[in-house]
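Here is the structure we will look at.
The values are calculated or read from the model by the stated rules, or taken from the named source; none is laboratory data. Remember, it's a predicted structure, so these values are computed and weren't measured experimentally. In this analysis, Cβ positions are derived from the backbone assuming ideal geometry, glycine residues included, and neighbour counts consider all displayed protein chains.
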Amino acid sequence: MFKPLRFIPDDTKIAFMRFARYGFYVSMVLCVVSIGLFFTLGLNYGIDFKGGTLIEIKTQGPANLSDLRQRIGGLGLGDTALQEFGQANDVLIRVQSQPGGPSAQQTAIEKVKAALPKGVDYRRIEVVGPKVSGELARDGTIAVVVAIIGVLIYIWFRFEWQFAFGAVASLIHDVTLTIGLFSILRITFDLSIIAAILTIVGYSLNDTVVVFDRFRENLRRYKQMPLEKIIDLSLNQTLPRTIMTSLSTLVALLALYIFGGEVIRGFTFAMIWGVIVGTYSSIFIAAPVLIFLGARIGAATGDTKPEAAKARP
């Protein structure tokens, strides 16, 4: 008989809250730095948000990027970018939005086609105008904000207001650090990254709710135990599940990142980062907030008064 695979034993006794203060302060510094990077460096917005033209081509042999850059760079179309993705003959061409409306974008496409060598196979051509890109940026921001507000309301009704603020602090931490990472690495930020951030919100929330639910159960059992000890106990009890879920998710994401191609690489990179910081924030952000806000045992257990609660047999 095969024994179940365990990366973490079931009876760990790690004093998470002993180090939580340091982790909390480090996270706050990193969040401030991320916000500073966003306002100074900004994000490397993709065509979805800046507007422009995206042309995906397949050359007959291995692509000569230096030659292609020379051909397109001399067309006077402003900022252009070329990169390989997938196979050696797959090339992605980005051209900034041209002044003059849709006709100007079509003219730019024709100029690029005329400059490229014969025999090129055009796989995809997308044009996003400035008005559409502005609407996409606005709608993407609204989607993230609405998701966080929805989490706040759900956790508030499901648990208690201290738990709601702990969960939202964890989500804001994850989103802020993700934006800071994309600012400093200059990875293209497009609609797929917004989708990744919303997925990160859901993943982090799921992990946080599991910890909170075990914390609430332990509040009912151990009335005399200090709050820090109860949080440590709850985190240790849910740690095997947290680690196993995170590792299995990371394995799938790493496979997508390596073999999925350039088109979804930004999305999978954001997801990998989100799983890591989401697991971290559930332990070192959401849980310490309960202590800072003074989570009430009576409210968490559903009793009208803490004294009225009885320990679970």
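So here's what we get for this one:
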read-out	value
Residues within the range 60-107 that are over 28 Å from the mean Cα position of the chain (by Cα), small (Gly, Ala, Ser) and closer than 22 Å to ASN44 by Cα, tallied	3
Residue among PHE269, PHE284 that is at pLDDT 75 or above, in the same structural domain as LEU233 (by TED's automatic domain parsing) and farther than 27 Å from ARG21 by Cα	PHE269
Filter result for SER66 (within 30 Å of THR199 (Cα to Cα) and of a type in the set (Ser, Thr, Tyr))	no
Exclusive hit being farther than 24 Å from ARG186 by Cα, touching a helix residue (DSSP H, G or I) at 6+ places or on another chain (Cβ under 7 Å) and at pLDDT 80 or above, set VAL95, VAL120, VAL91, VAL112	VAL112
Any hit, the range 79-87, residues being among the small types (Gly, Ala, Ser) and over 28 Å from THR178 (Cβ atoms)	no
Residue list for the range 287-306, filter: modelled with pLDDT under 70 and either closer than 15 Å to VAL168 by Cα or of a type in the set (A, V, I, L, M, F, W, C) (or both)	ALA295, ILE297, ALA299, ALA300
Helices (runs of 4 or more DSSP H) wholly inside the range 35-125 that include at least 1 residues being of a type in the set (Phe, Trp, Tyr), surrounded by 12 or more Cβ atoms within 10 Å (Cβ to Cβ) and in contact (Cβ under 8 Å) with a residue 40 or more places away in the chain	47-50
Residue check for ILE155: at pLDDT 80 or above and over 12 Å from the mean Cα position of the chain (by Cα)	no
Within the range 188-244, considering residues that are out of contact with any Asp or Glu (no Cβ under 7 Å at 6 or more places or on another chain) and among the hydroxyl-bearing types (Ser, Thr, Tyr), the one surrounded by the most Cβ atoms within 10 Å (Cβ to Cβ)	THR208
Lone qualifier among GLY166, GLY140 - being touching a residue at least 24 places away in the same chain (Cβ under 8 Å), closer than 14 Å to PHE49 by Cβ, not hydroxyl-bearing (Ser, Thr, Tyr) and not assigned by TED's automatic domain parsing to the domain that holds ILE93	GLY140
